[in-house]
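The values are calculated or read from the model by the stated rules, or taken from the named source; none is laboratory data. Just so it is clear, the structure is predicted and the values come from calculations on it, not from any experiment. Don't worry about glycine lacking a Cβ; one is built from the backbone with ideal geometry, like all the others, and counts go over all protein chains shown.
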Amino acid sequence: GESVGLHLPTLSVQEGDNSIINCAYSNSASDYFIWYKQESGKGPQFIIDIRSNMDKRQGQRVTVLLNKTVKHLSLQIAATQPGDSAVYFCAETPLNHGNNRLAFGKGNQVVVIP
Amino acid sequence: DTEVTQTPKHLVMGMTNKKSLKCEQHMGHRAMYWYKQKAKKPPELMFVYSYEKLSINESVPSRFSPECPNSSLLNLHLHALQPEDSALYLCASSQDPDRTSGPYEQYFGPGTRLTVT
């Protein structure tokens, strides 16, 4: 059954502020990374990806930073909006693994305070 | 069309029932996936189909039986499930199963919320 009292790490952020969500990965062979957003009752939605030959990539209001030295990935959301409230998962996959087998991180809950 | 559809949205079944989950995509993707997700947990990979052939089975119990009738459809047949199998079942697809031309993201459907009583 479910663990009683299981909580996701939660980031509470004021509307309009910037959010930073962090993710540590363990597989040094991983070379492709994705951030997904999952709203309540929905499937994960692709936000942004980055390959290991880059250390930064920008999208619309989002930036992903990759530090391969310390195996750390972060997602920055600019001017956070109520619609950004969701659980955010990082996922990684090694290039030579084939079949796009993704390993998901534990997830971070973002709560936007209006 | 960048959508993966799943039916039904919700399913309640008894432990002796047989039911099927369905997934469909029309993006021309040749890799399709089944994931299981428990509350407040990340998705867990169950099966991968590559060019309509089963390429990965993550040691899933035989009461879950996947099927890929064609490149657009993916089914998950359920039989004699247990209450602990209650979860959100997600289907996903991606463009290049072999990643020969670069990694591609997986597109997820909305999921089927399964409750086993």
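Is it fair to say A:THR63 is part of a strand (DSSP E or B), more than 17 Å from A:ILE21 (Cα to Cα) and either modelled with pLDDT of 95 or more or within 12 Å of chain B (Cβ to nearest Cβ) (or both)?
no
So A:TYR88 clears everything in (1) within 23 Å of B:GLU44 (Cβ to Cβ); (2) modelled with pLDDT of 95 or more; (3) not in a strand (DSSP E or B) except one condition, right? Which one?
Every condition holds for A:TYR88 apart from (3).
Of the conditions (1) out of contact with any Gly (no Cβ under 8 Å at 6 or more places or on another chain); (2) of a type in the set (A, V, I, L, M); (3) surrounded by 13 or more Cβ atoms within 10 Å (Cβ to Cβ), A:ILE47 clears all except one; give me its number.
(1)
Among all residue pairs at least 6 apart or on different chains, which show Cβ distances below 8 Å where the first residue, located in region B:65-84, is without any contact (Cβ under 8 Å) to a residue 40 or more places away in the chain and the second is part of a loop (DSSP other than H, G, I, E, B)?
Close Cβ pairs satisfying both conditions: B:CYS68/B:GLU52; B:ASN70/B:GLU52; B:GLU84/A:GLY1.
Would it be correct to say that B:TYR33 is buried (at least 17 other Cβ atoms within 10 Å of the Cβ), hydroxyl-bearing (Ser, Thr, Tyr), part of a strand (DSSP E or B) and facing another protein chain (nearest Cβ under 9 Å)?
Yes; evaluated as a whole, the condition is true for this residue.
Could you please give the count of residues in region A:20-48 that are touching a helix residue (DSSP H, G or I) at 6+ places or on another chain (Cβ under 9 Å) and either β-branched (Val, Ile, Thr) or modelled with pLDDT of 90 or more (or both)?
Looking only at that region, the number is 2.
Does region B:10-28 hold any residues that are part of a loop (DSSP other than H, G, I, E, B) and within 17 Å of A:GLN45 (Cα to Cα), and which are they?
The one that is part of a loop (DSSP other than H, G, I, E, B) and within 17 Å of A:GLN45 (Cα to Cα): B:MET27.
When you scan region B:1-35, how many residues do you find that are within 14 Å of B:VAL116 (Cβ to Cβ), more than 11 Å from the chain's Cα centre (by Cα) and of a type outside the set (Val, Ile, Thr)?
8
Residue check: is A:LYS37 of a type in the set (Lys, Arg) and either assigned to a loop (DSSP other than H, G, I, E, B) or surrounded by fewer than 15 Cβ atoms within 10 Å (Cβ to Cβ) (or both)?
no
Inspect region B:36-45 for any residue being assigned to a strand (DSSP E or B), over 12 Å from the mean Cα position of the chain (by Cα) and more than 8 Å from chain A (Cβ to nearest Cβ) and give the result as yes or no.
no
Could you count how many residues in region A:25-60 are within 11 Å of chain B (Cβ to nearest Cβ) and among the charged types (D, E, K, R)?
Within region A:25-60, residues that are within 11 Å of chain B (Cβ to nearest Cβ) and among the charged types (D, E, K, R) number 6.
Starting from residues that are surrounded by 14 or more Cβ atoms within 10 Å (Cβ to Cβ) and small (Gly, Ala, Ser), keep the ones in region A:79-114 and report whichever is farthest from the other protein chains (Cβ to nearest Cβ).
Top of the filtered list is A:SER85.
Under 6 Å between Cβ atoms, at least 6 apart or on separate chains: pull out the pairs that start in region A:41-63 with a residue that is over 19 Å from B:PHE108 (Cβ atoms) and end on any residue that is at pLDDT 95 or above and polar (S, T, N, Q).
Matching pairs, first to second residue: A:THR63/A:GLN76.
Could you grab me the full set of residues in region B:53-70 that are charged (D, E, K, R) and either closer than 19 Å to A:GLN38 by Cβ or under 13 Å from the mean Cα position of the chain (by Cα) (or both)?
Within region B:53-70, B:GLU58, B:GLU67 qualify.
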